[in-house]
Every structure is written in structure tokens, then in C-alpha cells.
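Each remark here refers to the structure printed beneath this line.
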Amino acid sequence: MTLKQHLGGWLARRLPISAELLRELRFEANCWWCRLRSRLSPSHHRTLRRLRGKKGLSLNVGSGGRGLPGWLNTDAVGHPSDQTFLCDVRRGIPLGDGTAARIFAEHIIEHLNFRQELPSVLGEFHRVLETGGRLRIIVPDGRRFAEAYLKGDRGLWSALGLEPLPADMPTPMAMLNHVFHQGGEHHFAYDYETLAWALKAAGFAEVSRSAFGASADPLLAIDRREHAPYSLYVEAVKT
């Protein structure tokens with residue numbers, strides 16, 4: 001552990017706020033700092049002007065340092081190894097209407113507030129997609145975790161990749177809480193019905209359930225294998 005981490009841990013134990021709130025404040029401060037840097041960066045603005053004139057973009061939302069070659073990889077915080085520009089989708093996507101052919105969002109939207117943030121983000125996805133463009137969203141499958149808990153079936157937990165359960169999540173209820181909250185990082189749990197409703201409310205008329213590694217657009221079949229056992233795969237097309 002570094003000196004900075006030691007000092008951070010020492011300070012966190014003495015602040016009159018919870019560890020979850022502290023993490024949230026640190027994340028938001030980092031987002032704010034990245035937005036400020038972008039506003040002050042001439043190269044960032046040059047890149048945005050160039051992107052606004054492009055069509056057929058492949059947009060990877062929340063790349064998290066795992067950028068895809070040939071894609072426009074974005075995140076709310078800096079990952080200079082793979083990122084073309086900083087973009088906090090909660091505050092809009094700085095692209096023109098109909099500029100993206102496809103959008104990939106893997107394990108991102110569960111980190112958004114369902115009522116206050118998700119509608120505008122999905123609306124932005126719909127806006128920047130071209131007609132016929134496809135959105136692929138991957139989230140933890142809340143229904144499968146709930147069924148495993150309610151049925152008390154170890155086989156269902158095994159299919160989720162959680163048999164045995166983690167040592168620090170020793171019971172099904174503990175694991176359920178972790179999936180739905182993840183220490184305050186997750187803000188909502190989805191099943192297909194709920195995600196399809198949100199997508200249709202954002203303007204997507206064509207919504208369908210997909211599967212790991214399967215897409216009508218082969219360029220979107222790039223899911224991370226480690227998420228496969230417990231994920232829900234949904235695609236929506238702008239018509």
C-alpha cells in the first residue's frame with residue numbers, strides 16, 4: 001500500500017461521513033476535474049470539432065481503460081491509454097445527431113440513477129445513433145440473482161459463477177445485496193422487462209433480448225467473457 005493510500009485510509013476513518021459517500025464524492029470530484037481540463041484543452045476542442053463532422057462512428061461508452069481499436073472510447077474520467085475524449089454521458093454526448101452507427105455500453109448503466117440520470121442518457125444514445133443504428137447494453141441480470149435467492153438452488157448460483165459464494169459474501173442474501181448495491185457503486189438492478197421499458201420510453205421502438213457474443217451487428221459482439229455467467233444482454237435499434 002502506498003503512502004497516499006495509507007493517508008487516505010487514515011483520513012477516511014476520521015471524516016464524519018460514510019465510506020460510500022466518500023467514494024461518491026471522490027468520483028464526482030474526479031469527473032469535475034476531468035471536465036474542467038477538457039474545457040481548457042485546445043486539443044480536446046479540436047478533436048470534438050473533427051468528430052462532429054464524422055458519420056458511422058462506433059461508440060464505446062465507459063471504456064474504463066479497456067479501449068477497442070477503431071472505436072471512439074470514452075469515459076467520465078481519464079484513461080489516456082485508450083481514450084479519444086472525456087465524456088460524462090450524464091451531461092450529454094458531444095456528438096452531432098445521427099453520427100454513430102453503433103453504441104456499446106457494458107456494465108455501465110447500473111451505475112446510473114434510474115429516475116434522474118438514465119432517461120437522459122438513453123435519450124442521448126438515441127439522438128447520436130443514425131437511423132438503423134444499434135445500441136447494445138449489458139448489465140447484471142437482476143432476475144437471475146433474485147431467482148437463485150428465492151429458489152435456494154445452489155445450481156443456479158453455480159450457473160452465475162458463484163458456487164461456492166465468495167468468503168466475504170457467505171450467504172445468498174449477502175450476495176444479492178452486493179449485486180444490487182456493490183458498495184454504493186450500483187444504483188439500480190435490471191431485468192429485461194424494466195430495461196426494455198426504459199429503452200422504449202427513450203424512443204427505441206425495436207428492442208430485443210440478446211445473448212453473450214451474439215448480435216445482428218458483428219462489430220457489437222465484443223462482450224467480455226468474464227461477465228457472461230451473470231449478465232443480461234439487450235439490443236435496441238433506432239428506427
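Read phi for every residue in region 53-65 and hand back ³J(HN,Hα) as whole Hz from Karplus 6.51 cos²θ - 1.76 cosθ + 1.60, θ = phi - 60°, with x for Gly and Pro.
x, 9, 10, x, 5, 9, 9, 9, 8, x, 5, x, x
If you take every DSSP beta bridge whose two residues both sit in the chain, what share of them, in percent to the nearest 5, is antiparallel?
45 percent
Taking square-rooted eigenvalues a ≥ b ≥ c of the alpha carbon gyration tensor, is region 90-239 rounded, prolate or oblate, where a/c under 1.5 means rounded and, failing that, a/b exceeding b/c means prolate?
Here region 90-239 falls in the prolate category.
Mind checking the per residue accessible area of the chain for me, 1.4 Å probe, whole number of Å²?
Roughly 54 Å² per residue, with all protein chains present.
Sort 84-93, 100-109, 32-41 for me by packing, meaning the mean count of neighbouring Cβ atoms within 10 Å per residue, highest on top.
Top to bottom by mean Cβ count within 10 Å: 100-109, 84-93, 32-41.
Each residue of region 152-168 in turn: what ³J(HN,Hα) in whole Hz from Karplus with 6.51, -1.76, 1.60 and θ = phi - 60°, glycine and Pro shown as x?
In residue order, the calculated couplings are x, 9, 4, x, 5, 5, 5, 5, 7, x, 10, 10, x, 5, x, 4, 8 Hz.
5 Å is the cut-off here: which amide hydrogens, built 1.01 Å from N in the peptide plane, fall below it relative to Asp223, excluding neighbours closer than 5 in sequence?
So Asp223 has HN proximity to Gly213.
The values are calculated or read from the model by the stated rules, or taken from the named source; none is laboratory data. Everything quoted here is computed from the prediction, not taken from an experiment. No Cβ is skipped: glycine too gets one built from the backbone with ideal geometry, and neighbour counts run over all protein chains shown. SASA here: full protein model, heavy atoms, side chains in, ligands and nucleic acids out. Shrake-Rupley method; radii C 1.70, N 1.55, O 1.52, S 1.80 Å.
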